[in-house]
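This report concerns only the one structure given below.
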Amino acid sequence: MSNNNATKLIHSIPVDELTGAISVPIYQTSTFVQEAPGVNKGYDYARTGNPTRATLEKIIAQLENGHTGIAFGSGLAAIDSVLKLLQAGDEIVAVDDIYGGAFRLFTHIYQKFGIHVKYVDATQAENVFNAISDKTKLIWIETPTNPTLKISDIEAIAKIAKASGCWLCVDNTFASPALQQPLSLGADIVVHSATKYLGGHSDLIAGLVVTKEKELGEKIKFIQNASGAILAPFDSWLVIRGIETLPLRVKQHCANAQAVAEFLESHPEVDKVFYPGLKSHINHDIAAKQASGFGGIVSFTLKNDTENAATQFVTATQYFKLAESLGGVKSLLCHPAQMTHKSIPVEKRRASGVADSLIRLSVGLEEATDLIADLKQAFKKINNYKTEKIISE
Ligand SMILES: *Cc1c(COP(=O)(O)O)cnc(C)c1O
């Protein structure tokens, strides 16, 4: 863990100066009493600022090695606030297998305001470079991507962004700052769905933005105050509590995911396995260079590449629960074609590598041996089903 060792992280969470409380106090208030108009203790109205939220914002800014952190009511609200930096006529160059919700936001909300998005395979940095025009204001990447775990070279793309005078924003949800800090590699903005690894317990929805520079941070803070998508005090506290164990959890997620990915790679029913920690991963070297671990998400396709086969598999596991979302202590699995990526047109979805049978695992914190046993019995169930079908036909 490069910059973010556990000691530094745990002690970036302050002890309350007023009372000595070791847990960050929850300021459940809408307004703050002023001594005279405009004379206050740093807070006036809780949309603009709340001390519990401000503590979370400071912690995430440190974790991501940035200047300003801003906490939102969801990951998508965080993404939305970054898009509001743009104006009609501007262009975005974005990674092609982008998070489905970001695609929906870009396409169905921002397109009608005159903001256009070009999607490229960002695993080759030159594809990003070639897509840039004089209208491009923002480059948007996720690395690893959801759900095919593609890796883009953050440092190379940051150089392209700099040379072209546009911002680079990295959705760092899958890696988390415990593994990867894009701002240290030259990015301007990082966004998170804190719903995932930062929260870590599948008990909240939250989003975060971190900017490298003060000026950009001020712009996004202005947007947040003007648009209003803030994170509540209690949810801010929950994210802080999640962050306390982030390094420990992420370490175990990585170890379990590596074991699961190696098991899948050896299974006869599996066609492809997508996990940056496998030597067979196309950009394993870049992943190893820019992150200190490979994360807890593993995707794979079946030899029987049909929605039907995938549906049978995702309903046959016991520990892996069928649900959208990821990054919690309990293992989850989902079928992107019918769930998270349903809003992407079929041809576009397939072209970006999200095959009909693709299954995404969020490998949790159970014992790896139990998780592997669960997957084994699920494969067996599909096989039995196939045999029964042949016999009955
Ligand atoms: C979940 C997710 C989001 C959206 O976050 P919400 O908290 O659900 O709004 C954005 N990007 C990625 C990569 C995600 O996994």
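Throughout, read-outs are computed from the coordinates displayed, never taken from laboratory work. For clarity, every value in this text was computed on a predicted model and none was experimentally measured. Glycine also receives a Cβ, built like all others from the backbone with ideal geometry; neighbour counts cover every protein chain displayed.
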Which stretch or stretches of segment 302-321 have amide N atoms under 17 Å from the point lying 7 Å from V346's Cα along the Cα→Cβ direction? 305-311
Multiplying the sequence separation of T48 and V15 by 0.36 nm and subtracting their Cα-Cα distance, what value in nm do you get? 9.6 nm
Local net charge near I92, Cβ-Cβ under 9 Å (Lys/Arg +1, Asp/Glu -1): 0
Taking the dipole about the Cα centre of segment 3-244, with the C-beta of Lys and Arg at +1 and of Asp and Glu at -1, give me whichever of W167, A229, Q124 is farthest to the positive side. A229
If a helix is a whole DSSP H run, which ones in the chain reach 30 Å or further along their own axis (Cα) and hold a mean Kyte-Doolittle hydropathy of at least -1.0? 368-392
Which whole-Hz couplings ³J(HN,Hα) result when phi for each residue of segment 266-277 is put into the Karplus expression 6.51 cos²θ - 1.76 cosθ + 1.60, θ = phi - 60°, listed in order with x for Gly and Pro? 9, 8, x, 7, 8, 8, 10, 10, 10, 7, x, x
Which of Y99, Y27 comes first, and how do the rest follow, when ranked by fewest Cβ neighbours within 10 Å? Y27, Y99
Quote to one decimal, in nm, the extra length available between A163 and T29 on full extension: 0.36 nm per residue of separation minus the C-alpha distance between them. 43.7 nm
In which sequence would S184, S343, S362 go, from the one with the fewest C-beta neighbours within 10 Å to the one with the most? S343, S184, S362
Which values, in whole Å and largest first, are the semi-axes of the equivalent ellipsoid of segment 99-139 obtained as the square root of 5 times each eigenvalue of the Cα gyration tensor? 20, 14, 6
Could you run the Debye sum over the Cα atoms of segment 48-206, one equal point scatterer each and no solvent, and tell me log10 of I(q)/I(0) at q = 0.12 Å⁻¹, two decimals? -0.48
Computed on Cα atoms, Rg of segment 8-66 relative to 2.2 N^0.38 Å comes out at 1.27
Along Cα→Cβ, 7 Å out, is where each label goes; now give me the distance between the ones at L322 and K303 in nm to one decimal. 2.4 nm
As straight-line cross-link partners of K303, the qualifying lysines (C-alpha separation under 19 Å, not fewer than 8 residues apart within one chain) are K272, K376, K380, K381, K386, K389
Pairs to check: K150/K219; K212/K289; K118/K196. Give those whose C-alpha atoms are more than 24 Å from each other in this structure. K150/K219; K118/K196
If amide hydrogens are placed 1.01 Å from N in the peptide plane, which non-local residues have theirs closer than 5 Å to the one on S12? none
Percentage of interatomic Cα-Cα distances in the chain larger than 32 Å: 34 percent
So what is the 222 nm mean residue ellipticity for the chain from helices alone, if each DSSP H run of at least 4 adds -39500 (n - 2.57) and you divide by all residues, rounding to the nearest 500 deg cm²/dmol? -11000 deg cm²/dmol
Need one number: % antiparallel among DSSP beta bridges in segment 3-244, to the nearest 5. 45 percent
Note, ³J(HN,Hα) from phi for segment 31-37, Karplus 6.51, -1.76, 1.60, rounded to Hz, x at Gly and Pro: 9, 10, 5, 9, 6, 8, x
Could you state the principal axis extents of the C-alpha atoms in segment 112-256, from the largest down, to the nearest angstrom? 43, 41, 29
Among G364, I79, I60 - extreme Cα towards positive end, dipole of the chain, charges at beta-carbon: I79
Give the Cα extents of segment 247-392 along the principal axes, in whole Å, largest first. 51, 35, 26
Going 7 Å from the Cα of N5 along its beta-carbon direction, which residues of segment 238-275 have the amide nitrogen within less than 15 Å of the resulting point? 247-248
Evaluate the relative contact order of the chain (contact order divided by residue number), counting alpha-carbon pairs under 8 angstrom at least 6 apart; express in whole percent. 17 percent
Only loop residues by DSSP count here, and only those with at most 13 other Cβ atoms within 10 Å; note down the GluC sites (Glu not before Pro) in segment 1-100 that meet that. E17, E35
